[in-house]
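Participant: Below you'll find the structure I mean.
The values are calculated or read from the model by the stated rules, or taken from the named source; none is laboratory data. This one's a predicted model, so the numbers in the text were calculated from it and none came from an experiment. Neighbour counts are summed over all protein chains in view; Cβ atoms, including those assigned to glycine, are modelled from backbone coordinates with ideal geometry. Remember, those area values only see protein heavy atoms, side chains included, never the ligands or the DNA or RNA. Shrake-Rupley method; radii C 1.70, N 1.55, O 1.52, S 1.80 Å.
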Amino acid sequence: MTLSPPSLRARLPGLAGDLLRRFPECVAMALFATLLALAAIHEAIPETWEPAALAAGIWCAATGPFLAGLRLLAEGRGWGSARHAAAGLAGAVLLALWAWNDLGLDFSAWLAAFRFLLPAAALLWALVLAPGLAPGSVAGPAAEPVDSAAARFWHGTRRALGAFAAAAVIVLVLAAGLNGALLGFVSLLDLPVSELVFADLWVVAGLLLLPCGWLALLSPPGAVGTTAMPPVLAFAIDLVLVPLALIYLAILYVYLALAVVSWELPEGLTAGLVAAYAAAGTAVWLVAAAPGHDGGRHVRLFRRLFFPALLPPLALLAAALQIRVADYGVTEPRYLIGLLALWLLGAALAQFIPIPAAWRRSADARPGRGRLAAVPAFLCLLLLLASFGPWSASAVSQASQMSRLQAALTDAGLLRDGAPAAPAPPPGFGARQALSGMLDYLASTGRLAKVNRWLPAESRLPPDADRESAARALGFAYVQPHMTAEQPRHVSMWGTVLRPLPVAGFDTMLPFDLAAPGHELLLLDGRRHRLFATAEPPGLELADSDGRSVSFPLSALMAELERSARSGDSPYIAEGADRGLSARLVLRHLSGTIGPEGPALRQVEGFVMIAPAPVPAD
C-alpha cells in the first residue's frame with residue numbers, strides 16, 4: 001500500500017484562497033504593518049511623521065486579531081455579511097480613536113509599547129475565545145457529541161494554539177533557511193548586500209507570513225472535534241504542572257503566615273510574588289479543568305479547591321499593593337498588578353456563583369470544572385477596559401503621579417496655588433530626593449514636559465529636556481535615586497556675561513582660573529596683589545602687600561546651588577572693601593562638593609575688578 005499525501009503545490013492555492021476569502025481585512029492589516037516596519041528600518045519615514053506612523057502600526061497590530069476573532073465568531077454564529085461588516089467597522093473605528101487619542105499628544109516609545117501590549121493581549125485572547133463561543137458539537141472521550149461551553153472552549157483553544165504553533169515552526173524554518181542561504185551567497189560571491197536585507201526577511205516573516213499562516217491553518221468553527229486529552233499533556237498535568245501549582249500555593253501560605261505572625265508584610269517583592277504565583281496557578285487550573293481528563297485525586301482536589309484557597313493570598317496582594325500605592329502612587333506596573341488581582345477575584349467568584357439548573361450542561365455540571373471560558377473572557381474584558389479612556393492604565397498612572405508631584409512641590413514650598421512660589425524656600429535633601437524620584441518616572445515614560453503646566457512661559461521645558469533641567473526649572477537640584485545624605489554631592493554653576501557690567505570706580509581687572517587651593521599674583525601701582533582660592537571654607541580672598549584684604553565667602557552660594565540648582569545664565573557678583581581697597585568679584589564658573597563635613601571648593605573661574613587704592617597712612 002502506497003501513501004500519497006497531497007502535494008504542497010496543490011494545497012497552497014486552496015489555503016491562500018480560503019485566507020483571502022475568510023480574512024481579507026486581516027491580510028491587508030498585516031501587509032500594511034509590514035510595509036510600515038520596512039519603511040522604519042530603511043529610515044524612509046520623515047521624523048515629523050514618526051508618531052503617526054507608530055500609531056498606525058499599533059492600530060493595525062491591535063485591530064487585526066480583533067477582526068480575525070470577529071470573523072471566526074461570525075462564521076460560527078452564522079452572521080450575515082452586513083452584520084459582520086458593521087461590527088468590524090465599528091471595532092476598527094474605536095481602536096483607531098484609541099490609538100490617535102493616546103499617541104497623538106505625548107509620543108513616547110515606552111508608552112507606545114505599553115499601550116500596544118494591553119489591547120493586543122486582550123484581542124489575542126478574543127481570537128482564542130471566539131471559536132469556543134461559536135455553537136457546535138464536540139466529541140467526548142467515547143465519541144459522543146458534547147454540546148457545552150467548556151468543551152467548545154477547550155476544543156477552540158487547542159485548535160487555535162495548535163495552528164499558531166504549526167505556523168510558527170513553518171515560518172521560523174523558512175526565515176532561518178532563507179537567511180542562511182542569503183548569507184551563503186553573500187559570503188561565497190562577495191555580493192554587495194546590505195545587512196538590512198536580513199532584517200527585512202525577519203520582518204516579513206514575523207509581521208506578514210506568521211499571522212497569515214496562522215489564520216490559514218485555522219479551520220472554520222463549529223466543526224465536530226474531540227475533547228480527548230493528548231497523553232503527553234495528561235502526563236504533564238498530573239506529574240508536573242499541578243504539583244508545581246500546589247507548591248506555589250504552599251509558598252503563598254507560608255508568606256501569608258509570616259505576615260500574620262509578625263503583623264507586617266515580609267521584606268521583598270510581595271505584590272509581584274503573589275501575582276506571579278497566582279497567575280501561574282490559574283493557568284495550570286485552566287489546563288487541568290479541560291474536559292476529557294479527570295486526573296488523579298490531587299488533580300481533582302486542585303480543581304475543586306484552587307480558587308477558594310486563592311482568596312487569602314489575594315487579600316495579601318491587595319494589602320501589599322495598597323501600601324505601595326499609598327507611598328509611591330499608581331504606576332503602570334502597579335495598575336497591572338491590581339488588574340491581575342481583580343481578574344483572579346472575578347475568576348474565583350465565577351466558579352462560586354451557582355449555575356441555574358436550566359442552564360446546566362452535562363460537561364459543565366461536573367465538579368471542579370466551573371465555567372472554564374469565564375476565566376480568560378474576564379481577563380480579555382479587563383485588558384480592553386485598561387487600554388483606553390480615563391480609567392486606562394496610562395491615564396490613571398499619569399493622574400496619580402502628577403497629583404503626588406504637585407502635592408510634594410506644594411509641601412516643599414516650591415508651589416503655591418499651582419504656581420511657582422516666590423521667593424521659594426530651598427527644600428531639604430529628603431524632599432529633593434523624593435521629588436527627583438517622581439521626575440524619574442515622568443522622564444522614563446516620556447511625560448516630563450507635563451510639568452510645564454506649573455511653569456511660566458519663559459521657563460517651560462523643551463520636548464527633549466532632561467530631568468536635571470526639569471528639577472532646576474521647578475526650583476530644586478536633582479538627586480540621584482540611590483544617593484544618601486552622607487555622600488558628597490557635586491555642585492557647579494556656569495554664568496555668561498550677557499549684558500554690560502558697570503565698571504565705574506574700577507581701573508584694573510584680574511582674571512583667574514584657580515583650582516583650590518591656589519592663587520594669582522598682580523603688581524598694581526608698585527604693590528603686589530594676591531588672589532587666594534581656599535577649599536575649606538570655600539571662598540576667595542584678595543590681599544595686597546599693605547596688609548589689606550577683601551574676602552568673598554562662597555559657602556552660601558554653594559548651599560544655594562546644592563538646594564535649588566538655580567545657577568541661570570548670569571555670573572555671581574559680589575563686592576567688598578577694606579581700608580580703601582575695593583574689589584568686585586564676577587564669578588563665571590564654580591565647581592565643588594557638599595558632604596557631611598560641609599562644602600569644599602574645587603575650581604573657580606572669573607575675574608576681579610580692583611579700584612585704585614590710596615597708600616594707607618602710617
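Participant: Sorted by packing (mean other beta-carbon atoms within 10 Å per residue), highest first, where do 240-253, 337-350, 167-180 land? Mind dumping the intermediate values first?
Facilitator: Numbers: 240-253: 17.0, 337-350: 19.6, 167-180: 14.6.
For the peptides 240-253, 337-350, 167-180, the packing ranking is 337-350, 240-253, 167-180.
Participant: Could you work out how much longer the chain between S444 and E597 gets when fully extended? Use 0.36 nm per residue separation minus the Cα distance between them, nm to one decimal.
Facilitator: Contour length minus Cα-Cα distance gives 51.7 nm.
Participant: Tell me, what is the FRET efficiency for A16 and R77 to the nearest 0.05, using R0 = 25 angstrom and their Cβ-Cβ distance as r?
Facilitator: 0.45
Participant: Taking a probe of 1.4 Å, how large is the accessible area per residue of region 379-496, in Å²?
Facilitator: 47
Participant: Please compute the modelled spin-label separation between D238 and R530, points set 7 Å along Cα→Cβ, answer in nm with one decimal.
Facilitator: 9.5
Participant: While we're on this one: Mind giving me the nanometre distance, one decimal, between the label points for D200 and W263, set 7 Å out from Cα along Cα→Cβ?
Facilitator: Distance between label points: 7.0 nm.
Participant: To the nearest Å, what is the center-to-center distance of region 39-62 and region 458-474, using C-alpha atoms only?
Facilitator: 28
Participant: Provide R300, R158 ordered by accessible surface of protein heavy atoms (probe 1.4 Å), highest first.
Facilitator: Largest accessible area first, the list is R300, R158.
Participant: Pop a pseudo-label 7 angstrom from the Cα along the beta-carbon direction at both A515 and W494 and give the gap in nm to one decimal.
Facilitator: So the two model labels end up 2.0 nm from each other.
Participant: How much length is gained if the chain between R453 and A574 is pulled fully straight, taking 0.36 nm per residue apart and subtracting their Cα-Cα distance, in nm to one decimal?
Facilitator: Net length gain for the segment: 40.1 nm.
Participant: Ordered by packing density, taken as the mean number of other Cβ atoms within 10 Å over each peptide's residues, highest first, how do 481-487, 508-514 rank? Each step should come with its number before you reach the end.
Facilitator: Working: 481-487: 10.1, 508-514: 15.7.
Going from most to least packed, we get 508-514, 481-487.
Participant: A further question on this structure: Consider a paramagnetic label point 7 Å from the Cα of A40 along Cα→Cβ; state which residues of region 186-216 have an amide N under 20 Å from it.
Facilitator: Label zone hits: 195-212.
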